[in-house]
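This report concerns only the one structure given below.
The values are calculated or read from the model by the stated rules, or taken from the named source; none is laboratory data. No experiment lies behind these values; they were computed from the predicted model shown. Neighbour counts run over all protein chains shown; Cβ positions are idealised from the backbone, glycine included. To get the accessible areas, we keep the full protein, side chains included, count just its heavy atoms, and leave off ligands, DNA and RNA. Shrake-Rupley method; radii C 1.70, N 1.55, O 1.52, S 1.80 Å.
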Amino acid sequence: MRYDNFAEIEHKWQAKWLMEKPYAAVTGDARPKFYALVEFPYPSAQGLHVGHPRPYTGMDIISRKRRKEGFNVLFPMGWDAFGLPTENYAIKHKIHPAIVTAENVKQFRKQLQMLGFGFDWDREVDTTDPHFYKWTQWIFLQMFKNGLAYRAEMPVNWCTSCKCVLANEEVVDGVCERCSSEVVRKNKSQWMLKITAYAQRLLDDLADVDYIDRVRAQQTNWIGRSEGMEVDFATTEGDTLRVFTTRPDTLFGATYMVVSPEHGLLEKWMPSLANAEEVREYQSQAAKKSDFERTEMAKDKTGVRLQGVSAINPVTGEEIPIFISDYVLITYGTGAIMAVPGHDERDWAFAKKFGLPIVEVIAGGNVDEAAYTNTDTGVVINSGFLDGLSVEDAKVRVGQWLEEKGLGEKRVNFKLRDWVFSRQRYWGEPIPIVLCEKCGHVALPESELPLLLPEVENYETTDTGESPLAAMTEWISTTCPQCGGPAKRETDTMPQWAGSSWYYLRYLDPKNAEALVGKPAMDYWHQVDWYNGGMEHTTLHLLYSRFWHKFLYDIGVVPTKEPYAKRTSHGMILAEDGEKMSKSRGNVVNPNDIVDEFGADTFRLYIMFMGDFEKAAPWSSQAVKGCKRFLDRVWNLMETKVPGDESFSPEHEVLLHQTIKKVGEDIDSLKFNTAIAALMTLTNTFSETKPSRGDIKVFLSLLSPFAPHIAEELWEIQGFAGTAMGTPWPQYDSAKLVASELEIAVQVGGKLRATVVIPLDAAEAEVLEIVRQNEKMQRNLEGMEIAKIIYVKNKLMNLILRPAGN
RNA sequence: GCCGGUGUGGCGGAACAGGUAGACGCCCGGGACUUAAAAUCCCGUGGGACUAACGUCCCGUGCCGGUUCGAUCCCGGCCACCGGCACCA
């Protein structure tokens with residue numbers, strides 16, 4: 001019989017699980033705790049897509065194994081529901097985003113339950129729920145009070161036709177995604193969060209967490225710490241032009257300087273510039289460029305030389321030209337650089353283009369051909385008192401010299417920038433701040449939280465680029481909490497990243513009205529043990545939430561410095577054609593179709609079996625069948641009760657122990673594909689020699705994390721005690737992992753020539769004797785003598801031969 | 001341009017830590033069952049040469065070289081593809 005009544009069986013168990021709540025996490029339980037987390041989804045109108053369940057299934061399998069190992073597991077789910085698509089849908093269909101969200105959430109929840117995930121549904125959170133965002137606002141207020149939230153002028157993308165602020169995502173090829181009109185950069189005063197204050201700690205504490213290498217590397221590079229010096233250059237206008245450099249050792253080679261188009265000194269110099277017009281034109285061109293264009297990897301360097309102002313190289317005393325160019329960014333360092341074309345590739349390219357002198361100050365390369373950037377072996381030349389020093393020594397020496405003269409100081413710089421926290425949008429958390437004419441920006445009292453989103457007529461940004469909330473005159477007008485005078489509410493809202501920066505904490509105590517998390521829950525769970533999520537969230541979400549967590553640690557809300565003890569990542573599921581699945585390409589696979597045709601267990605097995613969990617893998621509608629056939633075979637073998645005791649059959653004993661070991665280790669290292677392959681291998685041998693009752697029991701116990709419905713059904717049919725999911729994870733006996741005899745390879749000069757069967761752990765002499773008896777080897781050995789034997793126990797014997805008798 | 005990753009049969013992918021390359025699955029071919037088909041079960045399945053056959057040998061993990069008794073794995077140099085990017089001084 002095939003396993004064709006899967007729909008009925010899966011519904012039966014899902015209904016039972018909803019009733020009996022076997023996945024409920026118990027705060028304060030005596031068992032050791034294990035908090036498994038997956039990134040909560042954005043509930044879009046399209047519903048669940050086959051990409052979502054891949055990480056959920058992976059962590060579900062791990063959670064189920066941990067439960068069987070005796071852990072009190074917390075595996076929660078929720079909704080990251082604020083955001084653009086819902087807002088755009090609301091604008092288009094004139095439906096309140098809250099209603100759209102509720103419908104989408106309902107659909108997502110139903111689909112997730114259909115897949116049999118062991119989420120604790122009593123802990124569901126929703127970032128758009130005022131009971132939740134009350135605490136998002138609360139955290140913002142604490143940051144404001146601690147000086148981590150501040151106002152700054154920042155450029156935004158402005159669509160000249162829609163007259164609204166666009167997210168980077170809405171700017172496609174420099175034009176508005178919706179109307180294809182020109183997008184320009186416009187400065188706007190915005191709320192910023194000072195993540196840079198935590199840069200060093202975000203970097204240092206990576207040492208204390210278990211993140212996979214590529215996540216750690218990406219975070220490290222994003223934070224981008226570099227040690228160098230700030231050096232002051234005098235100018236012919238009598239100012240000081242300060243630069244940051246990591247290579248003060250090359251100071252003698254600095255033949256020109258470059259400032260960013262936004263540099264503050266430019267305005268002051270303007271009257272002295274012979275080509276002020278040209279400079280202004282360059283500035284306005286640079287300002288027009290979107291972030292995307294400006295950072296696009298221009299092959300050609302552009303720039304304008306300032307005519308009438310130059311700088312003095314402090315060590316050579318030479319006058320050197322100053323340029324303005326957009327390859328220098330105002331947001332990094334001091335917004336100005338000293339250019340050393342001999343030893344920096346970008347400076348070299350720029351110098352070649354503008355015909356500037358290139359001076360070699362580190363020996364070892366040929367600066368006429370290319371910049372020489374090797375710092376390890378180079379020796380300093382053409383550099384006065386630095387001549388003959390290594391790069392490293394020269395850095396120290398010139399540093400001392402600059403410090404003595406008061407011309408420079410040591411400085412650590414980070415690439416990491418502060419976080420622009422304002423959005424001119426409706427569907428986000430209102431920022432709980434009022435602007436008082438007398439007192440300035442004032443925090444709302446905590447007693448007034450949550451500050452609810454008001455009902456508005458229109459969800460679109462206003463013509464002036466303000467949030468839709470700006471049109472709510474009644475809501476805006478308020479009184480200052482500090483002086484009681486007239487004041488206005490902040491009308492910007494928070495970005496989608498806000499709620500997701502702390503949601504994992506709310507799962508610990510989701511219904512607490514008095515605190516973000518109550519003390520008992522915080523003390524018991526304290527940290528996520530294992531967080532799996534996409535690589536695309538490595539630099540933004542993951543870093544933002546680490547930042548918020550550290551802040552909460554500093555103000556005594558959480559007991560740990562880091563939110564996640566362990567972070568792993570999964571690969572994307574691609575469409576059958578190897579391309580990304582997307583609605584526009586029309587290649588999206590809907591999980592509902594697969595579940596209808598094959599069942600949830602087959603679906604779960606396939607997305608885990610399809611390839612390496614950590615790498616991208618294309619969908620195959622053909623290959624799904626293989627997993628269904630596997631379950632058919634399992635069903636066929638076990639659908640009638642097998643009598644007997646619960647011991648292993650002698651024929652399968654070794655393989656069973658091997659499989660227990662393999663499946664267990666593979667789950668813990670995310671190798672779900674090979675774990676399933678091992679279960680398939682076991683099933684194949686069961687087809688040859690029927691499994692005993694004991695064999696079946698262990699098999700179902702191993703299968704249950706992957707395919708929980710069929711495992712429970714067969715468990716019930718066999719009449720085993722309890723449930724498959726509740727039965728302890730099987731243990732293997734190391735002594736029984738290997739048979740008494742095994743086959744090893746015999747090589748001659750490293751090439752396979754034969755295989756022989758030897759007793760386990762046989763000694764070299766014994767194996768050699770067996771090899772000499774082997775017919776094939778006798779042919780190989782004829783007329784030869786053995787010069788050398790390499791024997792690897794239980795693996796192979798490699799013989800090095802030479803002609804006999806010489 | 002920079003950073004990160006990946007290249008293994010017709011396909012998805014295995015191969016602990018340098019030790020029998022291709023587990024497991026898909027596709028495909030042959031057979032059994034069937035009036036027939038589907039489903040199922042059994043057998044075969046990296047390429048090539050030789051053999052009536054049992055078999056035997058050669059080649060083979062993107063390319064070129066190196067280390068080693070032995071390399072998909074380590075080292076050097078290329079090529080291709082994928083992903084990310086904030087030209088980071």
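Just a few scattered comments:
- Qualifying positions in the range A:191-238 - free of Cβ contacts under 8 Å to residues at least 60 places away in the same chain and of a type in the set (D, E): A:D204, A:D213
- Any hit, the range A:192-199, residues being more than 16 Å from RNA strand B (Cβ to nearest atom), modelled with pLDDT of 80 or more, open to solvent by less than 50 Å² (accessible area, probe 1.4 Å) and part of a helix (DSSP H, G or I): no
Matching residues to (1) over 30 Å from A:L402 (Cα atoms); (2) open to solvent by 50 Å² or more (accessible area, probe 1.4 Å); (3) away from RNA strand B (no atom under 15 Å from the Cβ); (4) modelled with pLDDT of 90 or more:
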{"residue": "A:A287", "(1), (2), (3), (4)": "yes, no, no, no"}
{"residue": "A:R305", "(1), (2), (3), (4)": "no, yes, yes, yes"}
{"residue": "A:V309", "(1), (2), (3), (4)": "no, no, yes, yes"}
{"residue": "A:V315", "(1), (2), (3), (4)": "no, no, yes, yes"}
{"residue": "A:I322", "(1), (2), (3), (4)": "no, no, no, yes"}
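- Filter result for A:E769 (open to solvent by 60 Å² or more (accessible area, probe 1.4 Å) and touching a Lys or Arg at 6+ places or on another chain (Cβ under 9 Å)): no
Matching residues to (1) crowded, with 16+ Cβ neighbours inside 10 Å; (2) of a type in the set (S, T, Y):
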residue	(1), (2)
A:R411	yes, no
A:D418	yes, no
A:S422	yes, yes
A:Y426	yes, yes
A:E429	yes, no
A:E448	no, no
A:L452	no, no
A:D463	no, no
A:R489	yes, no
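- For the range A:113-138, a residue qualifies if it is open to solvent by 40 Å² or more (accessible area, probe 1.4 Å), in contact (Cβ under 8 Å) with a residue 60 or more places away in the chain and either closer than 30 Å to A:V442 by Cα or part of a helix (DSSP H, G or I) (or both), and the qualifying residues are A:Q113, A:W121, A:D122, A:P130, A:H131, A:K134, A:W138.
- Restricting attention to the range A:139-186, the residues that are in a helix (DSSP H, G or I), modelled with pLDDT under 70 and open to solvent by 70 Å² or more (accessible area, probe 1.4 Å) total 2.
- Members of the range A:525-566 found to be in a loop (DSSP other than H, G, I, E, B) and in contact with a Pro (Cβ under 7 Å, 6 or more places away or on another chain), listed by number: A:H526, A:Q527
- Residues of the range A:765-806 satisfying the condition of being more than 14 Å from RNA strand B (Cβ to nearest atom), of a type in the set (S, T, N, Q) and within 15 Å of A:A754 (Cα to Cα): A:Q773
- Output for the range A:607-638, where each listed residue is aliphatic (A, V, I, L, M) and more than 6 Å from RNA strand B (Cβ to nearest atom): A:I607, A:M608, A:A616, A:V624, A:L631, A:V634, A:L637, A:M638
- Residues located in the range A:2-27, provided they are touching a residue at least 40 places away in the same chain (Cβ under 8 Å), more than 19 Å from A:E124 (Cα to Cα) and of a type outside the set (K, R): A:Y3, A:F6, A:A7, A:I9, A:E10, A:W13
- So A:V748, is it within 14 Å of RNA strand B (Cβ to nearest atom) and surrounded by 17 or more Cβ atoms within 10 Å (Cβ to Cβ): yes
- Residue match in the range A:224-237 (condition: assigned to a loop (DSSP other than H, G, I, E, B), at pLDDT 90 or above and more than 17 Å from A:K415 (Cα to Cα)): yes
- Taking every residue in the range A:342-353 that is within 13 Å of A:R247 (Cβ to Cβ) and pairing it with any residue that is near RNA strand B (Cβ under 9 Å from one of its atoms) and charged (D, E, K, R), at least 6 positions away or on another chain, the pairs with Cβ-Cβ distances below 7 Å are A:H343/A:R247.
- For the criterion of being without any contact (Cβ under 8 Å) to a residue 60 or more places away in the chain and part of a helix (DSSP H, G or I), A:F385 passes.
- Positions within the range A:558-581 being touching a strand residue (DSSP E or B) at 6+ places or on another chain (Cβ under 8 Å), surrounded by fewer than 20 Cβ atoms within 10 Å (Cβ to Cβ) and farther than 30 Å from A:S621 by Cβ, in sequence order: A:A565, A:K566
- Where helices (runs of 4 or more DSSP H) sit wholly within the range A:702-806, those with at least 2 residues that are within 30 Å of A:F119 (Cβ to Cβ) and either modelled with pLDDT under 90 or charged (D, E, K, R) (or both) occupy A:708-718.
- In this structure, A:S390 does satisfy being surrounded by 14 or more Cβ atoms within 10 Å (Cβ to Cβ), among the polar types (S, T, N, Q) and free of Cβ contacts under 8 Å to residues at least 24 places away in the same chain.
- Subset of the range A:71-93 [modelled with pLDDT of 85 or more, open to solvent by 30 Å² or more (accessible area, probe 1.4 Å) and under 19 Å from A:P41 (Cβ atoms)]: A:Y89
- Selection within the range A:567-594 - of a type in the set (G, A, S) and in a strand (DSSP E or B): A:S569
- Subset of the range A:667-677 (residues that are more than 8 Å from RNA strand B (Cβ to nearest atom), assigned to a helix (DSSP H, G or I) and crowded, with 17+ Cβ neighbours inside 10 Å): A:I667, A:F672, A:A675
- Qualifying positions in the range A:394-409 - open to solvent by 20 Å² or more (accessible area, probe 1.4 Å) and either touching a residue at least 24 places away in the same chain (Cβ under 8 Å) or not acidic (D, E) (or both): A:K395, A:V396, A:R397, A:Q400, A:W401, A:K405, A:G406, A:L407, A:E409
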